[in-house]
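Accompanying notes for the structure given below.
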């Protein structure tokens with residue numbers, strides 16, 4: 001059978017729809033998720049199939065609907081809570097961090113919170129400083145939360161299904177710039193396990209660890225590197241927690257050099273954590289310091305020219321990797 | 001500890017640099033920031049500054065050598081480490097009486113004096129070339145004394161700079177890292193610097209236990225086809241332009257009767273040696289201001305508009321072509337423009353251009369009129385959108401009021417990058433420029 005292609009957005013919707021058909025406890029809640037089909041049009045058609053009891057529009061109150069979701073999960077439902085922009089998790093933090101992430105532990109295992117927060121990351125959409133951040137590091141920091149970062153349509157469907165079936169709270173960050181990107185997505189049921197990194201491209205001279213939006217960027221950079229005789233390995237952790245530390249360390253040991261690329265702010269970011277994992281685990285195999293590249297330490301500018309400068313690009317990743325290889 | 005002097009990379013794409021001249025000789029005392037050599041990089045000559053204070057030593061690069069960026073070309077040893085030219089027994093500052101009489105107080109800035117006091121430094125022992133002591137001199141002295149004060153037991157306890165992997169492999173193979181010369185940052189030993197064990201032969205050059213400079217013999221013009229950096233860069237850039245920018249050409253003959261008159265007046269009024277090129281720079285800049293759509297580059301699939309009107313001039317050198325830039329030429333008066341052009345051309349010919357002199361150009365003028373060329377088609381200077389090729393000013397037969405007349409004319413050829421400009425826009429620009437050349441008084445409007 002020929003490989004079927006879906007967009008990233010369609011893959012997300014298919015995952016949610018299939019899970020809702022499979023399990024009546026799964027429901028969707030958030031702003032503009034029903035008739036509007038979500039501002040990014042990722043959820044169009046779901047309310048028609050499942051009705052307003054399972055696709056629930058809420059007032060503009062992120063803490064409110066996040067709390068409803070957490071409560072529903074505690075009492076046996078499996079909610080998918082839609083937080084339109086990743087920037088808005090600042091408003092849902094208490095429900096995520098102090099309630100969802102803690103309930104299982106503090107109840108001695110009596111309470112489970114099988115909730116999925118689906119939200120977005122990614123700049124370069126000209127959405128300005130309050131709608132362009134990639135804040136996945138914030139929740140990756142908290143014990144009790146799992147964090148998934150699908151880097152393409154295949155991952156968008158597989159990771160969403162795993163998230164919905166997981167008994168722990170999961171925050172899944174979709175790259176808002178990738179919703180229209182097409183790629184092969186198998187029909188029917190499949191899941192992608194959490195905590196298993198995928199080598200997107202094998203190489204021997206330098207390891208590029210890339211997350212989410214930075215995976216295609218790094219694959220592009222790897223092509224440029226190939227032209228100058230550098231063989232780059234691109235590896236996608238797919239989840240920042242659980243983190244497949246061993247795969248990252250093994251790759252860095254193989255190539256002796258590592259560059260970590262992530263669209264979140266560079267300081268105190270995902271790149272710092274991963275670079276530290278590699279530096280500790282592969283220290284005696286490294287021939288260069290671990291480099292990391294994230295978003296600049298500035299509010300994301302509205303000016304397109306400036307905005308594009310703040311996040312890693314194929315060219316800047318290429319140059320950094322090339323410099324690491326001293327070629 | 002010695003500090004390595006490396007061939008610096010001044011531009012992203014630069015791979016090698018040529019050592020033109022050592023300003024300092026081995027054994028010379030140098031101060032941090034002081035020029036020690038002249039190096040030639042992409043089209044410019046730069047002074048290489050000492051990365052530390054001390055004695056220049058272990059000089060491996062010879063004048064004329066072409067050296068890969070990042071390679072060590074010399075070391076600055078601390079005063080305690082290297083033999084100096086100072087005759088034995090004569091301590092630095094020895095000519096100053098050690099009596100420390102008040103009238104023998106060395107000249108020192110107040111700040112230098114304060115720092116010396118804090119560190120307990122006797123200023124009479126700090127010697128400088130100028131005789132006046134500044135903050136940096138005191139700090140350099142303190143630093144050199146600090147090194148002397150450490151036990152001279154062969155640097156035991158001080159880790160040799162090496163990557164973790166190189167360190168592990170060296171330990172596994174029983175290799176002494178101190179015997180190796182590192183090619184990494186600050187002379188750090190990398191895996192590639194280790195003597196090879198179990199690596200297929202021929203994959204790496206000879207072992208580097210001795211400081212052998214990684215150089216090629218200096219090329220000489222006209223001998224064996226070797227070319228200088230300027231020529232090589234010209235070849236690379238022109239190939240890049242010719243193979244990536246789709247060119248089209250617009251040709252126009254303009255009547256320069258008024259331009260000739262203006263040149264004579266301008267020379268008389270300014271007293272400067274004004275050239276046609278100067279007038280053309282002024283007119284091109286004015287036309288670019290009127291037609292900002294030409295002041296663009298094609299970059300990464302989009303048009304990049306340039307805020308400033310920076311006009312480049314193609315200047316032929318003995319060994320290639322450079323394009324120094326008259327920045328914001330639209331704001332310059334004619335006299336100032338001439339001064340700047342003369343300065344740029346003189347420094348280009350002397351190989352003394354700075355990176356800023358050749359950067360930021362948005363449009364280039366290439367004039368071969370002085371060689372008697374009637375017209376020619378130039379290659380666009382990337383990433384610019386267009387270049388104006390200027391032919392000679394000469395008398396030609398032109399129609400005047402229905403009759404043949406003989407008047408001075410000039411043929412202009414505008415080469416355009418079709419990704420950034422189309423024929424109509426290019427033609428409008430050239431038309432406006434031709435109108436200005438034929439009636440420069442329109443500048444005043």
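The values are calculated or read from the model by the stated rules, or taken from the named source; none is laboratory data. All values reported here derive from a predicted model rather than from experimental measurement. With ideal geometry, Cβ positions are generated from the backbone for all residues, glycine too; neighbour counts draw on all protein chains shown.
Of note:
- Here B:41, B:45, B:16 are screened, and the one residue that is within 14 Å of chain A (Cβ to nearest Cβ) and within 27 Å of residue B:314 (Cα to Cα) is B:16.
- Considering B:174, B:155, B:187, the condition of being more than 37 Å from the chain's Cα centre (by Cα), closer than 28 Å to residue B:8 by Cβ and either exposed (fewer than 12 other Cβ atoms within 10 Å of the Cβ) or at pLDDT below 85 (or both) is satisfied by B:155 alone.
- Residue B:286 vs. criteria touching a helix residue (DSSP H, G or I) at 6+ places or on another chain (Cβ under 9 Å) and closer than 19 Å to residue B:390 by Cα: yes
- In region A:131-147, the qualifying residues are those that are closer than 21 Å to residue A:31 by Cβ and either more than 13 Å from the chain's Cα centre (by Cα) or in contact (Cβ under 8 Å) with a residue 60 or more places away in the chain (or both), and the one that is surrounded by the fewest Cβ atoms within 10 Å (Cβ to Cβ) is A:131.
- Here the condition is being within 14 Å of chain B (Cβ to nearest Cβ), within 26 Å of residue B:16 (Cβ to Cβ), at pLDDT 95 or above and more than 23 Å from the chain's Cα centre (by Cα); of A:257, A:291, A:326, it holds for A:257 alone.
- Residues satisfying the criterion are absent from region B:107-114 (criterion: over 16 Å from residue B:2 (Cα atoms) and either within 14 Å of chain A (Cβ to nearest Cβ) or modelled with pLDDT under 80 (or both)).
- Exactly one residue among A:314, A:273, A:263 is closer than 30 Å to residue B:68 by Cα, crowded, with 16+ Cβ neighbours inside 10 Å and modelled with pLDDT of 95 or more, and that residue is A:314.
Here is a yes/no grid of residues against (1) modelled with pLDDT under 90; (2) in contact with a helix residue (DSSP H, G or I) (Cβ under 7 Å, 6 or more places away or on another chain):
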site: B:328; (1), (2): no, no
site: B:341; (1), (2): no, yes
site: B:349; (1), (2): yes, no
site: B:359; (1), (2): yes, no
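- Any hit, region A:42-50, residues being within 22 Å of residue A:152 (Cα to Cα) and under 20 Å from the mean Cα position of the chain (by Cα): yes
- Candidates B:98, B:144, filtered to the one that is out of contact with any helix residue (DSSP H, G or I) (no Cβ under 8 Å at 6 or more places or on another chain), at pLDDT below 80 and farther than 30 Å from residue A:282 by Cα: B:144
- Residues in region B:348-362 that are more than 15 Å from residue B:311 (Cα to Cα) and over 10 Å from the mean Cα position of the chain (by Cα): B:348, B:349, B:350.
- Filter result for residue A:89 (assigned by TED's automatic domain parsing to the domain that holds residue A:128 and surrounded by 15 or more Cβ atoms within 10 Å (Cβ to Cβ)): yes
- Qualifying positions in region A:294-309 - buried (at least 22 other Cβ atoms within 10 Å of the Cβ) and within 12 Å of another protein chain (Cβ to nearest Cβ): none
- For the residues A:128, A:101, the requirement of being over 17 Å from the mean Cα position of the chain (by Cα), more than 25 Å from residue A:15 (Cα to Cα) and not assigned by TED's automatic domain parsing to the domain that holds residue A:243 singles out A:128.
- Considering B:302, B:335, B:329, B:264, the condition of being under 21 Å from residue B:391 (Cα atoms) and either touching a strand residue (DSSP E or B) at 6+ places or on another chain (Cβ under 7 Å) or surrounded by fewer than 19 Cβ atoms within 10 Å (Cβ to Cβ) (or both) is satisfied by B:264 alone.
- Every test in (1) crowded, with 23+ Cβ neighbours inside 10 Å; (2) over 18 Å from residue A:82 (Cβ atoms); (3) assigned by TED's automatic domain parsing to the domain that holds residue A:68 is passed by residue A:96 save one, and that test is (2).
- Residue, nearest to residue B:72 (Cα to Cα), within region B:158-171, restricted to residues that are part of a loop (DSSP other than H, G, I, E, B) and either within 14 Å of chain A (Cβ to nearest Cβ) or modelled with pLDDT of 85 or more (or both): B:161
- Against the numbered list (1) crowded, with 16+ Cβ neighbours inside 10 Å; (2) in a helix (DSSP H, G or I), residue B:443 comes up short only at (1).
- Counted residues, region A:28-46 - those being over 17 Å from residue A:174 (Cα atoms) and crowded, with 20+ Cβ neighbours inside 10 Å: 2
- The residues listed here are A:114, A:150, A:169; of these, the one that is within 12 Å of the chain's Cα centre (by Cα), surrounded by 17 or more Cβ atoms within 10 Å (Cβ to Cβ) and assigned by TED's automatic domain parsing to the domain that holds residue A:9 is A:150.
- A residue that is out of contact with any strand residue (DSSP E or B) (no Cβ under 8 Å at 6 or more places or on another chain) and within 14 Å of chain B (Cβ to nearest Cβ) occurs somewhere in region A:264-279.
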